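Below you'll find the structure, written out as structure tokens, and then a few comments.
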Amino acid sequence: MNIKTFSSNDFQSAAKFCRMNMEYDSLPDFLFKEKTFDDPDYDPEMTLLAEEDDEIIGFMMGVARTIKTGKCGYIKLMAVKPEKRRQGVASQLYNIIHAKFVKIGCERERIYESHPNYLMPGIDPRYTEAICFVERKEFKKFNDTSNLLCDLTNQTFSTMKEEEILSKQDIIVKRAEKSDEKQTLNFIKEDFDIWIPEVTQAFKNNPISIHICNYKDKVVGFSAYDTNNLNTGWFGPMGTSPTMRGKNIGGILLKRCLADQKKQGHQFAIIPWVGPIPFYMHYCGSKVQRVFWRYEKILE
Ligand SMILES: CC(C)(COP(=O)(O)OP(=O)(O)OC[C@H]1O[C@@H](n2cnc3c(N)ncnc32)[C@H](O)[C@@H]1OP(=O)(O)O)[C@@H](O)C(=O)NCCC(=O)NCCS
């Protein structure tokens, strides 16, 4: 077996390999590119291919990010060809990436949930071999989360009447414009600073994929889409200022994004890594689509 670092020459074959060997996920080329080359922390030294006779038999990608608690290394994608499993392929790839994480001073490692650019917020336990693998590598399950699925085909998302009611209280909901970016980001910094990368991405999209709520000309809420896993119907993040909750602002903001996503031609929106399941169930009837187990290993 030969292990080499990933390069643009391997793009097509590696994308196809991941598609073939991660049965619960769909990874079109555009998404594989977003997850690899377009990751702000992409490091070819931590993106590895295992080959035999010039054929890929394993792929593993690591990224390191600085989060609030310090540096964290993520195993972001991994797959081994079924006939080559249980022969130590993933272990060899992991050992190389793990050594790099240690060398650059990562304090912890996590699996898949490499926010803000991630495919899944943890391991879908139907990938049971992956659960066995990470537990063998001494990762501990510390939480779980889920993605919701919202059917866009059987509902309309008109918010005109609700917005009229709010406007009488000086509460205005609108699609954000470029000129709103600075004020919106200032608001996000106060209450939701973890989402700065997503909101920045939403302002780069064309059209801008974020709606905001102003109260007395100050931003007090937002909802965004197409900020990760772009063009797949990915909703979020969203948030309302704690002082303004309970006024239907969140509901309107949510529906405005879902209306956009429907208009884009999506039949479903994915509401990832939730969060307040009853809120989404109430406003758009979304249901749990996938469950993810979150794993962590603290490095000494
Ligand atoms: C998860 C995956 C990458 C593991 O690759 P692999 O090359 O088979 O892993 P290794 O051979 O290095 O396994 C190392 C250890 O993990 C554990 N393990 C791996 N697969 C296992 C299985 N099917 N049953 C029990 N334990 C398993 C074992 O402890 C194993 O060591 P051992 O064989 O000495 O007992 C592979 O099963 C795979 O591609 N699965 C589908 C894609 C996937 O799940 N991707 C992750 C999505 S979240």
**Asked** Within the bounds of the stretch 150-164, is there any residue that is touching a helix residue (DSSP H, G or I) at 6+ places or on another chain (Cβ under 9 Å), surrounded by 11 or more Cβ atoms within 10 Å (Cβ to Cβ), outside any helix (DSSP H, G or I) and of a type in the set (D, E)?
**Response** yes
The number of residues in the stretch 46-78 that are farther than 30 Å from F192 by Cβ and modelled with pLDDT under 95 is 1
Residue hits (the stretch 42-51; under 20 Å from the mean Cα position of the chain (by Cα) and in a strand (DSSP E or B)) are T47
All conditions in (1) out of contact with any Pro (no Cβ under 8 Å at 6 or more places or on another chain); (2) of a type outside the set (A, V, I, L, M); (3) in a strand (DSSP E or B); (4) within 16 Å of the ligand (Cβ to nearest atom) are true of N147 except (1)
With respect to T184, is the statement that it is among the β-branched types (V, I, T) and surrounded by 14 or more Cβ atoms within 10 Å (Cβ to Cβ) true?
yes
Check your understanding: Quick check: is even one residue across the stretch 3-19 within 13 Å of the ligand (Cβ to nearest atom) and surrounded by fewer than 14 Cβ atoms within 10 Å (Cβ to Cβ)?
Key -> no
Of (1) farther than 30 Å from T200 by Cα; (2) within 16 Å of the ligand (Cβ to nearest atom), F32 fails just (1)
Of I271, I249, the only residue that is crowded, with 17+ Cβ neighbours inside 10 Å, more than 30 Å from T69 (Cβ to Cβ) and β-branched (V, I, T) is I249
Worksheet item: Quick one: is C213 under 22 Å from N186 (Cβ atoms) and assigned to a strand (DSSP E or B)?
Response: yes
Those residues of the stretch 33-83 that are under 24 Å from G105 (Cα atoms), surrounded by fewer than 15 Cβ atoms within 10 Å (Cβ to Cβ) and acidic (D, E) come to a total of 3
Scanning the stretch 99-126 for residues that are more than 18 Å from the chain's Cα centre (by Cα) and assigned to a loop (DSSP other than H, G, I, E, B), the one nearest to the ligand (Cβ to nearest atom) turns out to be R126
Taking the stretch 52-94 and the residues there that are of a type in the set (S, T, N, Q) and either part of a loop (DSSP other than H, G, I, E, B) or within 9 Å of the ligand (Cβ to nearest atom) (or both), the one that is farthest from the chain's Cα centre (by Cα) would be Q87
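The values are calculated or read from the model by the stated rules, or taken from the named source; none is laboratory data. Quick caveat: nothing in here was measured; it's all calculated off a predicted structure. Counting neighbours? That spans all protein chains shown, and the Cβs are built from the backbone with ideal geometry, glycine included.
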